[in-house]
Structures are given as structure tokens and as C-alpha cells.
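Trainee: Just passing along the structure, written as C-alpha cells.
All of the numbers you see were taken from the coordinates with simple rules; none came from a lab. Not measured: the values here are computed from a predicted model. Glycine also receives a Cβ, built like all others from the backbone with ideal geometry; neighbour counts cover every protein chain displayed.
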Amino acid sequence: MALHELFSHPVERGYRAGLCSKAALFLLLAAALTYIPPLLVAFRSHGFWLKRSSYEEQPTVRFQHQVLLVALLGPEPGGVLAWSTFPAFNRLQGDRLRVPLVSTREEDRNQDGKMDRLHFKLELPLQSTEHILGVQLILTFSYQLHRMSTFVMQSMAFLQSSFAVPGSQLHVNGDLRLQQRQPLSYGGLDVRYNVSVINGTSPFACDYDLTHIVAAYQERNVTTILDDPNPIWLVGRAAEAPFVIDAVIRYPVEVISYPLHERMIKFAWVQYVSILLIFLWVFERIKIFVFQNQVVTTVPANAMPHGEVYKEHLS
Amino acid sequence: MCRLQLVLLQVFFLMFPENAQPQPSSSSSAAVPTSPDLGPGTLGWTVQSSSEGTATPPDVLGISTVGPTLVTSSAPRNRTVEVFPVLPVCICDLTPGTCDINCCCDRDCYLLHPRTVFSFCLPGSLRSSSWVCVDNSLIFRSNSPFPSRVFMDSNGIRQFCVHANNSKLNYFQKLQEVNATNFQALAAEFGGESFTSAFQTQSPSAFYRAGDPILTYFPQWSVISLLRQPAGVGAGGLCAESNPAGFLESKSTTCTRFFKNLASSCTLDSALNAASYYDFAVLKVPRGMADLQNMEFQVPVTVVSQVGPPVLAGNTCQNVVSQVTYEIETNGTFGIQKVSVSFEQTNLTVEPSPSLQQHFIFYFRPFQQSTAAPLTGPRSGNPGYIVGKPLLALTGDISYSMTLLQSQGNGTCSVKRHVVQFGVNAMSGCKLRVKTANCSHLQQEIYQTLHGSLRPELIAIFGNADPAQKEGWTRILRRSCSVSAKNCTSCCFIPVSLEIQVLWSFLGLQSNPQAHVSSARFLYQCQSVEDSQEVPLTTLVNFVDITQKPEPPRGQPRMDWKLPFDFFSFKVAFSRAIDSQKSSVPPILILCLLLLGVLNLETN
């Protein structure tokens, strides 16, 4: 009857030497070389201590139906027409006030409950002698992120565009992009910037000054900007036709960075252990080679099964 | 351990093969001393080692034919390949009887070694040969029977080249027979996109298809033209006169005209003259082009409105066409049955140089229905409202679009009104000049300015509401301001703003939702004014979607569901106890195996 190997297990073998022997020194060195280099390798290959990470989210954006428009007239210098949805601002304008026809529509194209774009159209009636050379327009939005921290802010899209020739229409098609100067927090509620961009209740002219509005806005660490590199101007306005601003503002998915505090040890640990496993295997082989071939002098103990005579030797 | 060392040794030799086996000419790195460059004809390569057999008799096209017996460059020799310059075909010999500069094969130069005189040889003046090259580092050993060389190309990369003498591969031998029959086929087979002549004639089709341009005929000049719908083009929005109108495409275009000298162009410019928009016949079907004398194929354009030719009277040009409306009745493949045109005319002042905005509107409608169903406006959806279509209101039996006020260029209220579009929030304002001192008259005038001459009473629930069926309409809620709020004898309490609030929601299938208006409300804001010349008025409309979305249809999670984008395709572990127990087995198993492996390593 032929015999087959049905089961096998490795045989433990002990090597004995003094604590101050070469063998002990070698083991100490091997341990140091096993555990420290993976740390160095992981650290030198960058990304070991991750300080921030990022995630993608489509923000919940709603147009707040607040508009501030300044139209620059030409060719005579100093001509301005203005209008806003703030009554105080309109009162300040006097003769320069010209009420436009504004129509807006927010569209949720994929029916996911988040708005995807804003259609904004403004028709500013003009007299035949008035020619528009430039436009400054502020639209305000409420901007919310929910995935990590609940971030609520009131932001704006500022459009400033001018053309050398008197225009009849201005077409804008751009994205409302998030700009982060610092990462958002990992969790919690963040309402630092949930303040209105334009103080619509103020009766003072300085609160509606564009330089003040923009300066206060840029003080924020998280803002939105209207990203449209090429606004299109059409010229050739008939005498009775209004000046038209036609804008499509999209609310795209944003990549938001956030800091890693307690999570960074997780990433470091994963990197360290994966390199350590290779080192453990290599040095195990080296140690077996060294002790088997008696490169360092030790007294080999006899092969013995687990836990029988072994304890007696120790005691 | 010894086995491992052996393996390492093998790997070492594999990585550095030069030490083990000699490579052809790899060691002969000495530069060629006499020849600075072979010229562009050989791509600037420097010959580092050469094989035998280059001095074979010259061939027709200068390609040396080397016998297969000549073996590789096993014995490299440092020498320059100096080809005798005279070639049977000398492509750079362009001036007969004179030596062409840098033309190394020009017999008029009488040079045996032209490179001593010329700084380089023109491409083609040296014997060219066909080398097939690969990077030298790829070649370990050449056992090709053909001569081979290692060249240094212009980038300093060594190339291993084999001289192939396959006459089929080296010569353009096959000539294609081209005649009148296969000319087009060959051009189509081998040619790609190329310039084409713009004119392509096609025979007139039997009937118009949707979008086809409509043909017109001018009998007094016997000219066939297209029915034009001038449209704004380019950044200037100026009128493109010859823009054709498309069959069955009801649409309106607007374009702008500027006049430098209206005094002369007032009567001469045909675009301002109404006659130029109806002084022709429209062809019923394009086939009518073939028989222009047959009046059966021609439809005259009838003028519906009163028109007159432009007249220059003093500083004004009167009767200038500002809007052209064509109504065309069609009958399927029988083509156009009736064409009528109506005009709106305006007066222009000659100085300063004026501009004019012209509107061109085309309506197409079926021939029979035109008489049967009078004056039903277009639907705003069928049944549900479509975003951007007019919001329908009803007063008495008259159905019309709800409107907002609009301001003129100087800021005062305009007669023109902005049509409220479904789903589009809008806001507008203007200044009303107060003419009357009577308070109740003033109030009435302002109410009319705010909501239009007709006071909307009902609003259409769906976009296809019929004025005759009152159940399709819902009453507009109103909240007027209380007039007698103050005891003020001199002041007048007037409305200054109207806010139209429309609540709407979706109905029906989720895949095909229909928008319907649930309710609408008119909100007036009032203010007391005392002796004011101008009253600023505001109207705004807000649409609020009150749709209650149904619960998404979700069943119980199943075992074979997979997470999206999952690499390991673990089973979905939901919070249900049984599921989670079952489904979390594989990951735990793998984790245990991993841990066992690590422990095993440690105990070894």
C-alpha cells in the first residue's frame, strides 16, 4: 500500500546564545532594519502624513433673486444707469435709475432635487441716444454643501464686462465655481459666511459701492466666482431695442478639500504595513540563512515538538 | 540559498548581455575622420562601420543590389563610404551646361570628389539606398544574410540598419490604368476630404418637405427666387436679406438696419418698401419651376393690411415697413395653397442717422382648418404647461396671455407688455406719469397698468384649456390693499406693485410629468402718494413648484445586489440581521486569511 504525505508542519528549531553575543547583536540589527526602513520608504515616497483630502459634491445652489446692475454708458464719460432689487439702492440712484425687465428660471435637469443651472435674462430699456459700453452685474446665491460638514454660505457671481463698441446684447455662459482658500471642516455646521453679500437694508450709499462689496467678499476664505472666460457681446442695437443680458450660470460638481485629523494615521498605517510585510519576509529568510549556516555562533537546540521539553529548558 | 544565487547570476547576465556575447560593431565607436557628414541624403548619419559589398555596379535608381552571400559586419573596418558621384538620374542638375552648386552628381562640375568642394550634397545627388532600421539596442546579434550597418542618426541615437534588396518593395512598379470610366472611382478610393465646388445642381422635387426653402417667381423679370425671411446675422445683428424661409417652419426673426442717408434710401431701399414683400408669386410645389407659364402652379401673395409706399415728408420717412407677417396655408404634398401678408409700418426721422428693427413672422397652417376654427391661440402645452410658454388667463370669454408691464427707453410705462412665461420668474417696473388728480381715476389707471387692460379673473389649469369649458380654469385669488386705512383727505392710497404668485406642480406619470397650475394669487402693495408727478410701479411673477415627489420604489435588498464601482464585488450588507450575517462572511474570511498569513510569516 503506497503511502502519501497527508499532513506536514514545520519543525521549530531554537538557537541559543548569550545576550551580549554576536547573535543577539545581529538579531537586534535585523529587527531595526526590518521595522525602520519601511517607515523611511513610506515617508520618502510622499503622501505619508496626509493633511488634507478631497471629495466631490454638487452643491445645493439657489438663486436668491437679488440683482445689482450698473450699466456704463458711452461714449461721453460718466454716464451710468443702475438698478437693483434693493429699494434703498434704487432710491439713491435718482435719475440714473432705469428699471429693467428681469426674468429668471432655475432648472433641475436631472430631477435630483438640486438645481443645475440658472437662466437669467435682463432687458434694460434704453433711449436711442444711450449706448452701453460696459456692464457690472452682481447676482447672489445661497450655496450649501452637505456631504462632510454642512456648509452654508451666501455667495455672489460678479460679472464685469466691457466692449469697445456700443453693445446690444451680452451673452454669458459660465460656471459658478467654488474657490477655497482653506479647507472646509470635517464635520459640523459652518455658517461663517451665511451673511448677505449686499446689505440690502442699509440706506447708505457706501454699502452698495462695488469696491466695498467686492472687498468684503474677497475677505472670505471660501467664495464663489463666475467662471466665464469669454462673454459674448453683440453690437448693433436698434434705437428702440433694449440692452439684453442673457446669462446661463451652471452649478457644477465641485471638488472640495477638507483636513484630515484622526484619519491620517489610517492612511499612514496602511502604507507602512504594506511595505513592512515585504521586509518581514526578506529578513525572515536572512535570519534563517544566518542561523542555519552558523554565520554567527549559536548553540542549536534539538528539533523538538511544541511546548514539551521547551519549558524545562527555560526554567 | 545556492539556487537563489544561481538565479541572481542569470538575471545579472540577462541584464548586461554585452559582456556575454559580442554585438556587431558595437565596439567600433571611433569616429570617421575624413567625412564630416554624408549630407541630408543619408539623413545625416555617420557611418561607424561598414560592410563589404557597397561597391557594386550602380543601379538604375541608385539603389545598390547586394547579393545574399555578403555576410554581416563581423569584421568592422573604419573607412568612409565615398560613393562615386555620377548618377544616371541627377535630380538637382537644373541648369544645363553649368555646375549646380552642391549638386554632387552634376556632370558639368567635373568633380571626382565633390565633397571636397561643396560643403554638403543636395538630397538626391548621392546614391540613395534603402535601409530598414531599428534601434541598435534592440539588436543582440544579426544573422541576416543581407548587409547591415550601424548608423548614428542626427539625434545621436545608434540605429541598426539592414540593406534590403527586394525589388518589389523598393520600386514603385505597379502603375494604375486611369481612363474615363475609373477616374471617379480611383479619386473616391484614394482621396479623402478635399475642396469641393459649392454649386450642386439638383432637379426640383415634386413637393416641398419641411424645412425646404420656398420658391418664388417674379413674372415681370421671369426670375425664380426664394421666399426670404431676413434674419439678424453676426455680432452686429444686421439683416441678412437672403435668408430663406423654411417650409412649415413657423418662426419669427428680428434684425436691425442702420441708415447713413435715409433721405435717399427712404424711397429707394426695397427693404423699407412693403411692395417688395408681395410683388411676386409663390410656387405651389418646386415642380412648378419646370413650367413657369402655367399659372396653376403659382399662388399670388394677397395683402391683408392697408399699406402705402414709403414717402419722404420733410424730416420723416413715412410708411416704413417695421413688421412683415406671412400667413401661408399648406395642404400636404399639394404644397402651398394660399399666401397672405400683413404689414406694420412706422415713421422714421431722417436726422440723426436712424436705425430700424424689423420683425419677420411666418405662420404655416393647414388649408382646410383656417376657415373652420377661427382665432384660437396656440396652446401652452398639451395638456401640461411647457416651461417658457405663455401663462393663460381668462376674462369673460376672452382667453389671453398674462402680462407684466414694461418700461420704455426713458423709464416710463410702455404700451407693450411682457408676456409671462410659465416657470420663469420675472420682474419689471416703470414710472407712471400722473395725469389726473382724481384719486379714483388714478387708482383705476394704475390697476390697468399693473395687470393690463383686461383684469384676469381665471387662470388656465393646463396649457390646453378651452375658454368654453370653465372647469379647466381656476379663479385667481386677490388680496387688494385696504383703501380706507388712513384718514387722510389730501393723500391718495394707490397700488404700487403687483406680485403674481403661481403655485404649480407636476401630475401624472413620473416619466412623463405634466405641469399644472394649482392656484394663483394677485398681491397688491399700496402706498399713499401726495402730489407726486411720477409713480414708480413694479410687477413681478413668481412660480413655486409644490410637487410632492413620490417615494422612490425600493424593494428589499437582495443577495446578488452589488455596490456600484466595487472592485471586489462584495455582497451588499444592509442593516437587516440575516443579510448582514450572510453577506459579511467573505470579507471576514479574507481578513482572517490575511492575518493568518502574517502570523505565519512571523512564526517562521
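Trainee: Which ³J(HN,Hα) values, rounded to whole Hz and listed in residue order, are derived for region B:404-417 from phi using the Karplus coefficients 6.51, -1.76 and 1.60 in 6.51 cos²θ - 1.76 cosθ + 1.60 with θ = phi - 60°, glycine and proline given as x?
Mentor: Going residue by residue, I get 10, 6, 9, 9, 7, x, 8, x, 7, 5, 9, 6, 5, 10 Hz, with x marking Gly and Pro.
Trainee: What pairs from B:Lys251/B:Lys549; A:Lys114/B:Lys389; A:Lys114/B:Lys251; B:Lys251/B:Lys416; B:Lys251/B:Lys470 go past 28 Å between their alpha carbons? Could you put the intermediate results ahead of the total?
Mentor: Details: B:Lys251/B:Lys549 36 Å; A:Lys114/B:Lys389 23 Å; A:Lys114/B:Lys251 33 Å; B:Lys251/B:Lys416 20 Å; B:Lys251/B:Lys470 31 Å.
Flagged as over cut-off: B:Lys251/B:Lys549; A:Lys114/B:Lys251; B:Lys251/B:Lys470.
Trainee: Under 5 Å between amide H atoms, partner at least 5 residues away or on a different chain: which partners does B:Asn243 have, H built in plane at 1.01 Å?
Mentor: Distant-sequence amide H within range of B:Asn243: B:Gln229, B:Ala231.
Trainee: Related question: Taking only Cα atoms and a 10 Å spring cutoff, compute GNM fluctuations for chain A and point out the largest among A:His171, A:His146, A:His46.
Mentor: A:His46
Trainee: Out of the GluC sites (Glu not before Pro) in region B:427-517, which ones are loop residues according to DSSP with at most 14 other C-beta atoms within 10 Å?
Mentor: Taking region B:427-517 and a limit of 14 other Cβ atoms within 10 Å, the loop GluC sites (Glu not before Pro) found are B:Glu457.
Trainee: Hand me the chymotrypsin sites (Phe, Trp or Tyr not before Pro) from region A:1-93 located in a DSSP loop with no more than 13 other Cβ atoms within 10 Å, in residue order please.
Mentor: Those satisfying the criteria are A:Phe7, A:Trp49.
Trainee: For the charge dipole of region A:165-300, defined by +1 on Lys and Arg C-beta atoms and -1 on Asp and Glu C-beta atoms about the Cα centroid, which residue among A:Ile275, A:Pro300, A:Ser202 has the Cα displaced farthest towards the positive pole?
Mentor: Positive-end residue among those listed: A:Pro300.
Trainee: When the chain is fully extended, how far beyond the present Cα-Cα distance does B:Asn382 get from B:Phe190, taking 0.36 nm per residue of separation?
Mentor: Answer, rounded to one decimal: 63.8 nm.
Trainee: Please turn the phi angles of region B:464-472 into ³J(HN,Hα) values with the Karplus equation 6.51 cos²θ - 1.76 cosθ + 1.60 (θ = phi - 60°), one per residue in order, whole Hz, x for glycine and proline.
Mentor: The phi angles translate into 10, 5, 9, x, 6, 9, 6, 6, x Hz.
Trainee: Once amide H atoms are placed 1.01 Å from N in the peptide plane, what residues at a sequence separation of 5 or more from B:Thr316, or on another chain, have their amide H within under 5 Å of its amide H?
Mentor: Under 5 Å from the amide H of B:Thr316: B:Val350.
Trainee: Give the calculated FRET efficiency between A:Arg13 and A:Val41 to the nearest 0.05, with a Förster radius of 30 Å applied to their Cβ-Cβ distance.
Mentor: Efficiency at R0 = 30 Å is approximately 0.45.
Trainee: Need one number: nm distance between label points at A:Ala88 and A:Ser202, each 7 Å from Cα along Cα→Cβ, rounded to one decimal.
Mentor: Inter-label distance under the simple model: 0.8 nm.
Trainee: Of the candidates A:Val270, A:Val191, A:Val80, which one comes out as most mobile in a Gaussian network treatment of chain A with C-alpha springs shorter than 10 Å?
Mentor: A:Val270
Trainee: Could you give the size of the charge dipole of region A:230-269 about its Cα centre, using +1 on the Cβ of each K and R and -1 on the Cβ of each D and E, expressed in debye and rounded to the nearest 20?
Mentor: Details: 4 positive and 4 negative charges, 44 e Å.
In total the dipole reaches around 200 debye.
Trainee: I've got another one for you. Given region B:311-400, what percent of its DSSP beta bridges are antiparallel, to the nearest 5?
Mentor: If we restrict to bridges inside region B:311-400, about 70 percent are antiparallel.
Trainee: Let me ask you something else. Could you derive backbone 3J(HN,Hα) for region A:166-171 from the dihedral phi with the Karplus parameters 6.51, -1.76 and 1.60 (θ = phi - 60°), listing whole Hz in sequence and x where the residue is Gly or Pro?
Mentor: Once θ is set to phi - 60°, the couplings for region A:166-171 become x, x, 10, 9, 10, 10 Hz.
Trainee: Taking each full run of DSSP H in chain A as one helix, which ones are at least 27 Å long along their axis (Cα atoms) and have mean Kyte-Doolittle hydropathy of at least 1.6?
Mentor: The answer, listed by residue number, is A:22-44.
Trainee: Let me ask something else about it. At a Förster distance of 22 Å, what's the computed FRET efficiency of A:Ile232 paired with A:Val253, Cβ-Cβ distance as r, to 0.05?
Mentor: The pair A:Ile232/A:Val253 has a calculated efficiency of 0.30.
Trainee: What dipole magnitude, in Debye to the nearest 20, does region A:21-136 give about its Cα centre under +1 on Lys/Arg Cβ and -1 on Asp/Glu Cβ?
Mentor: Numbers: 13 positive and 11 negative charges, 140 e Å.
With Lys and Arg at +1 and Asp and Glu at -1, about 680 debye.
Trainee: Quick query: amide H of B:Ser322 versus all other amide H atoms, modeled in the peptide plane; which residues come in under 5 Å with a sequence gap of 5 or more or a different chain?
Mentor: B:Glu344, B:Gln345, B:Thr346
Trainee: Please tell me the relative contact order of chain A in percent, rounded to the nearest whole number, where contacts are Cα pairs under 8 Å and at least six residues apart.
Mentor: Worked out over chain A, it gives 27 percent.
Trainee: Build a GNM of chain A with springs between Cα atoms under 10 Å: which of A:Thr223, A:Thr85, A:Thr129 gets the top mean-square fluctuation?
Mentor: A:Thr129
Trainee: Under a crude label model (7 Å from the Cα following the beta-carbon direction), how far is B:Asp135 from B:Val178 in nanometres?
Mentor: Each label point is offset 7 Å from its Cα along the Cβ direction, giving 4.1 nm.
Trainee: Based on the mean of other Cβ atoms within 10 Å per residue, sort peptides A:104-110, B:275-281 so the most packed one is first.
Mentor: On the way: A:104-110: 15.1, B:275-281: 18.3.
Ranked by mean Cβ neighbours within 10 Å, highest first: B:275-281, A:104-110.
Trainee: Contact order normalised by length for region A:1-116, with contacts defined as Cα pairs under 8 Å and 6 or more residues apart; what percent is it?
Mentor: Values: 69 pairs, mean separation 16.7, N = 116.
That works out to 14 percent.
Trainee: Continuing with this model, one more query. About its Cα centre, how strong a charge dipole does chain A have in debye, to the nearest 20, once Lys and Arg get +1 and Asp and Glu get -1 at the Cβ?
Mentor: Around 1140 debye, computed over chain A.
Trainee: Here's another thing I want to ask about it. Just counting partner chain Cβ atoms within 10 Å, what average do the residues of peptide B:406-413 show around their Cβ?
Mentor: 6
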